[in-house]
Structures are given as C-alpha cells and as structure tokens.
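The values are calculated or read from the model by the stated rules, or taken from the named source; none is laboratory data. On a predicted model such as this, the values are computed, not experimentally measured, just so you know. Note that each Cβ is placed from the backbone with ideal geometry, even for glycine, and that neighbours are counted across all protein chains shown. Heavy atoms of the whole protein, side chains included, go into the accessibility calculation; ligands, DNA and RNA do not. Shrake-Rupley method; radii C 1.70, N 1.55, O 1.52, S 1.80 Å.
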Amino acid sequence: MKLLAYLMVFTFIFSCSEQKNEDVKMIEDYASFGKEITADGAISQVEMLAKFNELQVGDTATIKFASKVNSVCQAKGCWMKLALDPETETMVKFKDYDFFVPKDIADSDAIVEGKAYKEEMTVEDQQHYAKDAGKSEEEIAAITEPKMVYNFEAEGVLIK
C-alpha cells in the first residue's frame with residue numbers, strides 16, 4: 001500500500017514537471033493561466049462563431065469569450081480546442097508559448113482572452129495536432145486536405 005502511495009506521489013510530481021504552471025492562481029471560481037483576466041465581458045461561443053465568420057484570412061480581432069473545452073494537447077497542454085457549435089471549434093494556442101493548461105480539462109468551462117484569426121491549416125499541421133490529441137493512426141492518415149480553421153491566441157485563460 002505504501003508503494004502505491006509513493007508511486008502516486010512520484011507520478012504527480014513527474015507529470016507536473018512538464019507544465020509551466022507551477023503557481024496556479026484562482027480568480028473568482030476559476031483557475032487562471034497566463035495573463036490575469038476576469039470573466040466579465042466574455043461573449044458566448046455562438047457570438048464568437050459569428051465574429052469568426054466576419055473575419056477574412058489575415059484579419060484579427062481582440063476578444064474574450066466563454067466556451068466548453070473539447071480537447072487538450074495530451075503531450076504537455078500547449079493547446080486546447082474550444083467548441084463554437086456542435087460541429088465547429090477553435091484551436092487555442094497560448095501567447096509566446098508562455099504557459100500551458102492542465103491536460104485533464106476536457107469538458108470544462110473556459111474563458112479565453114486574446115486574438116481571433118482565420119487561416120488555412122496544412123495537412124501536416126492537422127496531422128501533428130491529431131497526433132498530439134491522441135488520435136489513431138487511421139484517423140491521422142485520413143487527413144489529406146488543407147482546411148480553413150478558426151484560431152485563437154490566448155493571453156489569459158480561466159478554467160472552471
């Protein structure tokens with residue numbers, strides 16, 4: 001039993017060493033990552049999808065929105081995908097690769113503040129992110145076309 005306890009502590013310490021979030025701050029009822037932000041003024045995911053649809057490739061919009069986390073990079077928490085509607089999501093990366101989020105936050109509520117933009121994602125990038133997300137080799141091999149994607153560079157993140 002002691003061995004199991006030691007293994008659990010060791011696993012916890014080792015898994016946390018990959019992350020850059022040594023000191024997680026709490027703001028309101030949220031864990032805060034990156035720049036300190038508040039929940040005030042966040043638009044909904046539906047409103048965010050409408051904003052994305054107004055953007056042209058090359059445009060950016062500074063905004064704060066709330067959504068549900070669909071998935072997180074399982075390698076180190078260096079990106080996450082947030083729902084915009086049941087079929088559409090946005091890839092959220094973190095400004096200057098300066099912070100990461102926990103890898104176990106799928107289905108959590110999140111608020112992000114930063115810059116929204118659209119771009120065409122290459123097949124190689126899509127396959128890389130699919131691998132990070134833990135997709136199967138078959139799912140990764142099925143990615144054969146570039147696609148238009150909604151991206152977000154977050155300066156600050158709140159996780160419920």
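A few remarks follow.
- Answer label, with Cα extents along the principal axes in Å calculated from the coordinates and candidates (1) 68, 27, 26; (2) 57, 42, 28; (3) 56, 46, 24: (2)
- Region 65-111: C-alpha gyration tensor shape, a/c 1.5 cut-off, then a/b vs b/c: prolate
- Simple spin-label estimate for ALA142 and LYS95 in nanometres, 7 Å along Cα-Cβ: 3.7
- Residue-averaged 222 nm ellipticity for the chain, from DSSP H runs of 4+ at -39500 (n - 2.57), nearest 500: -7500 deg cm²/dmol
- For region 56-119, accessible area per residue (1.4 Å probe, heavy atoms of protein chains only), Å²: 45
- Under 17 Å from the Cα of LYS64 - lysines, other chains or at least 8 residues apart: LYS35, LYS51, LYS81, LYS93, LYS95, LYS115, LYS118, LYS160
- Surface composition of the chain: carbon and sulfur atoms hold 53% of the protein heavy-atom accessible area at a 1.4 Å probe.
- Here the Karplus curve 6.51 cos²θ - 1.76 cosθ + 1.60, taken at θ = phi - 60°, turns the phi angles of region 86-97 into couplings of x, 10, 10, 9, 10, 7, 10, 10, 10, 3, 6, 6 Hz, with x standing for Gly and Pro.
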